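A short worksheet on the structure shown next.
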Amino acid sequence: KWEICQWIVAEVLGLEICSSYHLVAITITRYIAVTRSLRFNSIITTRVVLCGIASIWIGSQLSSFLLYILYKPEKTSYICKYEAIFPVTHAGILLVIQLAIPLLIMVILYVRIALIARRQSKVMAAEMAMTSRNHTRPSMFTVVRTELKGTLMVSLLLGCFALAWTPMIIYFFIDIICESCDQGNYV
(Lines give C-alpha, C1' and ligand atoms only; values in the text may rest on other atoms or scores of the structure.)
Protein backbone atom coordinates (compact mmCIF):
# COMPACT_ATOMS: atom_id res chain seq x y z
CA LYS A 1 0.00 0.00 0.00
CA TRP A 2 2.73 2.50 0.92
CA GLU A 3 4.64 1.75 -2.26
CA ILE A 4 1.64 2.78 -4.38
CA CYS A 5 1.11 5.94 -2.36
CA GLN A 6 4.82 6.75 -2.45
CA TRP A 7 4.94 6.16 -6.22
CA ILE A 8 1.88 8.39 -6.83
CA VAL A 9 3.36 11.20 -4.73
CA ALA A 10 6.73 10.85 -6.51
CA GLU A 11 5.01 10.96 -9.89
CA VAL A 12 3.10 14.12 -8.95
CA LEU A 13 6.39 15.67 -7.86
CA GLY A 14 7.89 14.70 -11.23
CA LEU A 15 5.07 16.49 -13.02
CA GLU A 16 5.52 19.57 -10.82
CA ILE A 17 9.27 19.63 -11.54
CA CYS A 18 8.47 19.23 -15.23
CA SER A 19 6.17 22.26 -15.25
CA SER A 20 8.81 24.40 -13.47
CA TYR A 21 11.45 23.56 -16.05
CA HIS A 22 9.08 24.13 -18.96
CA LEU A 23 8.79 27.71 -17.69
CA VAL A 24 12.59 27.87 -17.61
CA ALA A 25 12.68 26.61 -21.22
CA ILE A 26 10.24 29.33 -22.27
CA THR A 27 12.43 31.90 -20.50
CA ILE A 28 15.54 30.62 -22.28
CA THR A 29 13.72 30.77 -25.61
CA ARG A 30 12.68 34.38 -24.97
CA TYR A 31 16.22 35.25 -23.94
CA ILE A 32 17.60 33.79 -27.18
CA ALA A 33 14.92 35.65 -29.15
CA VAL A 34 16.06 38.93 -27.61
CA THR A 35 19.81 38.38 -27.66
CA ARG A 36 20.12 36.47 -30.94
CA SER A 37 17.09 37.71 -32.86
CA LEU A 38 18.66 37.39 -36.30
CA ARG A 39 19.82 33.82 -35.68
CA PHE A 40 16.80 32.71 -33.60
CA ASN A 41 15.31 30.45 -36.29
CA SER A 42 18.63 28.71 -36.86
CA ILE A 43 19.20 28.19 -33.11
CA ILE A 44 15.68 27.22 -32.03
CA THR A 45 14.78 24.51 -34.54
CA THR A 46 12.09 21.87 -34.29
CA ARG A 47 14.74 19.32 -33.36
CA VAL A 48 16.10 21.53 -30.55
CA VAL A 49 12.58 22.11 -29.20
CA LEU A 50 11.70 18.41 -29.28
CA CYS A 51 15.01 17.46 -27.62
CA GLY A 52 14.45 20.14 -24.97
CA ILE A 53 10.93 18.93 -24.20
CA ALA A 54 12.07 15.31 -24.05
CA SER A 55 15.00 16.25 -21.80
CA ILE A 56 12.72 18.11 -19.40
CA TRP A 57 10.27 15.20 -19.19
CA ILE A 58 12.99 12.56 -18.80
CA GLY A 59 14.96 14.65 -16.29
CA SER A 60 11.94 15.41 -14.13
CA GLN A 61 10.81 11.78 -14.13
CA LEU A 62 14.34 10.58 -13.31
CA SER A 63 14.68 13.06 -10.45
CA SER A 64 11.33 12.08 -8.96
CA PHE A 65 12.24 8.40 -9.40
CA LEU A 66 15.55 8.96 -7.58
CA LEU A 67 13.77 10.76 -4.77
CA TYR A 68 11.30 7.84 -4.63
CA ILE A 69 14.15 5.32 -4.35
CA LEU A 70 16.31 7.28 -1.89
CA TYR A 71 13.68 8.09 0.73
CA LYS A 72 11.51 5.58 2.51
CA PRO A 73 8.43 6.65 4.50
CA GLU A 74 9.27 7.95 7.96
CA LYS A 75 5.81 8.16 9.42
CA THR A 76 3.08 5.57 9.55
CA SER A 77 -0.22 7.16 8.64
CA TYR A 78 -3.37 6.10 6.87
CA ILE A 79 -3.43 9.26 4.80
CA CYS A 80 -1.59 9.21 1.49
CA LYS A 81 0.00 12.64 1.33
CA TYR A 82 3.50 13.95 0.73
CA GLU A 83 4.16 15.20 4.22
CA ALA A 84 3.21 11.83 5.72
CA ILE A 85 5.76 10.01 3.56
CA PHE A 86 8.93 12.05 3.05
CA PRO A 87 11.30 13.69 5.59
CA VAL A 88 12.29 17.35 5.79
CA THR A 89 15.50 16.70 3.82
CA HIS A 90 13.35 15.59 0.91
CA ALA A 91 11.32 18.79 1.13
CA GLY A 92 14.59 20.76 1.17
CA ILE A 93 15.81 19.01 -1.95
CA LEU A 94 12.43 19.65 -3.56
CA LEU A 95 12.65 23.33 -2.62
CA VAL A 96 15.98 23.63 -4.41
CA ILE A 97 15.09 21.52 -7.48
CA GLN A 98 11.56 22.73 -8.01
CA LEU A 99 11.57 26.33 -6.84
CA ALA A 100 14.99 27.87 -6.17
CA ILE A 101 16.92 26.80 -9.28
CA PRO A 102 14.13 27.57 -11.80
CA LEU A 103 13.27 30.87 -10.11
CA LEU A 104 16.92 31.92 -10.00
CA ILE A 105 17.42 31.11 -13.70
CA MET A 106 14.25 32.97 -14.68
CA VAL A 107 15.06 36.04 -12.56
CA ILE A 108 18.58 36.28 -14.00
CA LEU A 109 17.42 35.88 -17.60
CA TYR A 110 14.41 38.20 -17.31
CA VAL A 111 16.51 40.90 -15.65
CA ARG A 112 18.95 40.63 -18.55
CA ILE A 113 16.03 40.77 -21.02
CA ALA A 114 14.65 43.87 -19.27
CA LEU A 115 18.05 45.58 -19.37
CA ILE A 116 18.48 44.79 -23.07
CA ALA A 117 14.95 46.02 -23.82
CA ARG A 118 15.57 49.22 -21.89
CA ARG A 119 18.84 49.88 -23.71
CA GLN A 120 17.21 49.10 -27.05
CA SER A 121 14.26 51.40 -26.40
CA LYS A 122 16.67 54.25 -25.62
CA VAL A 123 18.58 53.59 -28.86
CA MET A 124 15.33 53.52 -30.82
CA ALA A 125 14.17 56.75 -29.20
CA ALA A 126 17.45 58.41 -30.10
CA GLU A 127 17.22 57.19 -33.70
CA MET A 128 13.63 58.38 -33.97
CA ALA A 129 14.67 61.79 -32.68
CA MET A 130 17.42 62.06 -35.30
CA THR A 131 15.29 60.90 -38.24
CA SER A 132 12.18 62.83 -37.38
CA ARG A 133 11.06 65.20 -40.16
CA ASN A 134 10.15 68.02 -37.90
CA HIS A 135 13.07 67.30 -35.57
CA THR A 136 10.88 66.85 -32.53
CA ARG A 137 11.99 64.36 -29.95
CA PRO A 138 9.75 61.37 -29.40
CA SER A 139 7.73 61.55 -26.28
CA MET A 140 9.59 60.22 -23.27
CA PHE A 141 6.22 58.86 -22.23
CA THR A 142 6.32 56.43 -25.18
CA VAL A 143 9.76 55.12 -24.19
CA VAL A 144 8.82 54.77 -20.53
CA ARG A 145 5.54 53.11 -21.45
CA THR A 146 7.35 50.52 -23.59
CA GLU A 147 9.76 49.77 -20.75
CA LEU A 148 6.91 49.48 -18.25
CA LYS A 149 5.06 46.98 -20.45
CA GLY A 150 8.11 44.75 -20.65
CA THR A 151 8.79 45.04 -16.95
CA LEU A 152 5.17 44.31 -16.12
CA MET A 153 5.19 41.15 -18.23
CA VAL A 154 8.35 39.90 -16.55
CA SER A 155 6.98 40.71 -13.11
CA LEU A 156 3.73 38.89 -13.83
CA LEU A 157 5.50 35.74 -15.04
CA LEU A 158 7.87 35.55 -12.10
CA GLY A 159 5.17 36.54 -9.62
CA CYS A 160 2.81 33.83 -10.87
CA PHE A 161 5.56 31.25 -10.67
CA ALA A 162 6.50 32.23 -7.11
CA LEU A 163 2.87 32.48 -6.00
CA ALA A 164 2.06 29.08 -7.45
CA TRP A 165 4.89 27.09 -5.87
CA THR A 166 6.02 28.87 -2.71
CA PRO A 167 2.89 28.19 -0.58
CA MET A 168 3.05 24.47 -1.28
CA ILE A 169 6.72 24.23 -0.34
CA ILE A 170 6.18 26.28 2.83
CA TYR A 171 3.23 24.07 3.76
CA PHE A 172 5.39 20.96 3.31
CA PHE A 173 8.07 22.38 5.60
CA ILE A 174 5.60 23.41 8.29
CA ASP A 175 3.77 20.09 8.22
CA ILE A 176 6.96 18.03 8.28
CA ILE A 177 8.77 20.08 10.94
CA CYS A 178 5.83 20.78 13.24
CA GLU A 179 4.59 17.40 14.44
CA SER A 180 2.04 18.88 16.85
CA CYS A 181 0.46 21.24 14.28
CA ASP A 182 -2.84 19.94 12.97
CA GLN A 183 -3.18 21.11 9.37
CA GLY A 184 -6.31 19.08 8.67
CA ASN A 185 -6.78 16.47 5.98
CA TYR A 186 -7.95 18.81 3.24
CA VAL A 187 -5.16 21.41 3.20
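The values are calculated or read from the model by the stated rules, or taken from the named source; none is laboratory data. All values derive from a computational prediction rather than experimental measurement. Every residue, glycine as well, gets a Cβ built from its backbone with ideal geometry; the counts of neighbours run over all protein chains shown. Surface accessibility is based on the protein's heavy atoms, side chains included, excluding ligands, DNA and RNA. Shrake-Rupley method; radii C 1.70, N 1.55, O 1.52, S 1.80 Å.
Filtering Val9, Val49, Val34 for residues that are more than 19 Å from Cys160 (Cα to Cα), more than 20 Å from the chain's Cα centre (by Cα), of a type outside the set (D, E, K, R) and part of a helix (DSSP H, G or I) leaves a single hit, Val9.
Exactly one of these conditions fails for Gly52: (1) open to solvent by 40 Å² or more (accessible area, probe 1.4 Å); (2) under 24 Å from Arg112 (Cβ atoms); (3) touching a residue at least 24 places away in the same chain (Cβ under 8 Å). Give me its number. All conditions pass for Gly52, except number (1). Take the conditions (1) modelled with pLDDT of 70 or more; (2) over 24 Å from Thr35 (Cβ atoms); Ile176 misses just one of them, which is (1). A single entry from Met128, Met153, Met168, Met140 fulfils the requirement of being at pLDDT below 75, open to solvent by 80 Å² or more (accessible area, probe 1.4 Å) and either closer than 18 Å to Ala33 by Cβ or under 22 Å from the mean Cα position of the chain (by Cα) (or both): Met153. Considering the range 102-115, the residues that are surrounded by fewer than 17 Cβ atoms within 10 Å (Cβ to Cβ) and within 20 Å of Leu23 (Cβ to Cβ) include one that is farthest from the chain's Cα centre (by Cα), namely Arg112. Summed over the range 4-21, the residues that are surrounded by fewer than 19 Cβ atoms within 10 Å (Cβ to Cβ) and either in contact with a Gly (Cβ under 9 Å, 6 or more places away or on another chain) or hydroxyl-bearing (Ser, Thr, Tyr) (or both) give a count of 1.
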